[in-house]
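Okay, so here's the structure we're looking at.
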Amino acid sequence: MTRPTVAIAGLGLVGGSLARALTRAGYHVVGIDRPGVARQALRTGAVAATGTLAAAAGQAGLVVLAAPPSVNRRLLARLARSGPPSLVVTDVTSVKVPICRAARRLGMTGFVGGHPMAGTERSGFAASSADLFRGRSWILVEAGASRAALSRVRSLVRAVGARPRVMDAAEHDRTVAFLSHLPQLVAWALHDAARRDRVASRHFGVAGPAFGDMTRLARSPRSLWREILAENRTEVVHALRSLRAGLKLE
């Protein structure tokens with residue numbers, strides 16, 4: 001029986017974890033990334049082959065875009081121009097309105113927006129794990145996709161142990177502003193407030209588990225998060241206003 005082929009563009013924490021999980025599930029995975037990262041993924045067995053986006057799109061029935069948000073949209077446009085009509089494309093971008101709007105504008109009925117609700121504060125292929133998605137929700141946005149495309153992506157999500165859940169793009173972005181983006185901002189703010197205080201900054205070693213739990217995300221890559229937060233600015237501002245209202249202690 002021929003193994004289904006999936007191409008993954010971007011082999012960082014999420015893309016690398018997806019490659020490992022799909023390979024374990026029996027998929028033939030083609031990895032696309034910088035040469036050093038691609039070689040590492042090939043050497044560890046996370047992918048069966050490496051290549052370019054154009055070549056992989058012709059070989060694979062499904063392409064996963066796992067790069068930063070702005071890069072994913074550029075790759076999506078390239079696939080719209082050169083990919084075969086039957087190609088199914090999904091992504092793992094944590095803001096859905098911009099890329100889903102782009103897919104509709106490009107007339108890509110094979111595109112299904114995706115966002116696995118899984119991750120860690122670490123980054124890069126070295127941090128990837130085949131178990132990252134097990135038991136986690138994976139939000140899907142139809143964005144005008146065909147039923148066949150949605151079915152293909154659902155199967156992929158289930159293959160890595162995640163639970164697919166369909167949402168509207170705007171509903172997704174409002175939800176993750178509270179459940180993902182706001183916690184990231186709070187972690188930075190709490191860690192930076194303690195670090196700036198001349199007394200507290202000398203005694204980080206006495207912190208209990210609560211401080212560690214609440215500031216773990218402060219180690220996340222800031223350059224990527226700045227782009228994510230900018231993409232979802234309107235909803236993040238709404239979430240921050242709600243948090244500020246909740247902090248009133250009258």
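Close amide-amide hydrogen proximity is noted between Ser128 and no other residue 5 or more places distant or on a separate chain, at a cut-off under 5 Å (H modeled in the peptide plane; Pro and chain starts excluded). Using the Cβ-Cβ distance between Leu190 and Arg134 with R0 set to 45 Å, the FRET efficiency works out to roughly 0.95.
Taking N as the number of residues in the chain, what is its alpha-carbon radius of gyration divided by 2.2 N^0.38 Å? Intermediate results must be reported in sequence, preceding the final value.
Working: Rg = 19.2 Å, N = 250, 2.2 N^0.38 = 17.9 Å.
Ratio of Cα Rg to 2.2 N^0.38 Å: 1.07.
What shape does the range 1-90 have by the C-alpha gyration tensor, where a ≥ b ≥ c are the square roots of the eigenvalues, rounded means a/c under 1.5, and otherwise prolate means a/b greater than b/c and oblate the rest?
Values: a/c = 1.77, a/b = 1.21, b/c = 1.47.
Because a/c hits 1.5 or more and a/b fails to exceed b/c, the range 1-90 counts as oblate.
Taking label points 7 Å from Cα along the Cα-to-Cβ direction, Ser151 and Ala127 give a separation of 3.7 nm.
For Trp225, Trp138, which order do you get if you count the other beta carbons within 10 Å of each Cβ and list the fewest first?
Values: Trp225 16, Trp138 23.
Lowest count first: Trp225, Trp138.
Remark: Thr90, Thr44 ranked as Thr44, Thr90, counting other beta-carbon atoms within 10 Å and listing the fewest first.
If we count other beta carbons within 10 Å of each Cβ, what is the order of Ser17, Ser201, Ser129, fewest first? Don't jump to the answer; show the numbers that get you there.
Details: Ser17 28, Ser201 11, Ser129 15.
So the ranking, lowest neighbour count to highest, is Ser201, Ser129, Ser17.
Stretching the chain fully between Gln59 and His238 yields a gain of 60.1 nm (0.36 nm per residue, less the alpha carbon separation).
The numbers here are math on the coordinates, done by the rules we state, and not lab data. Just so you know, these numbers come straight off a predicted model, no measurement behind them. Positions of Cβ are generated from backbone atoms using ideal geometry, with glycine treated the same way; all protein chains shown enter the neighbour counts.
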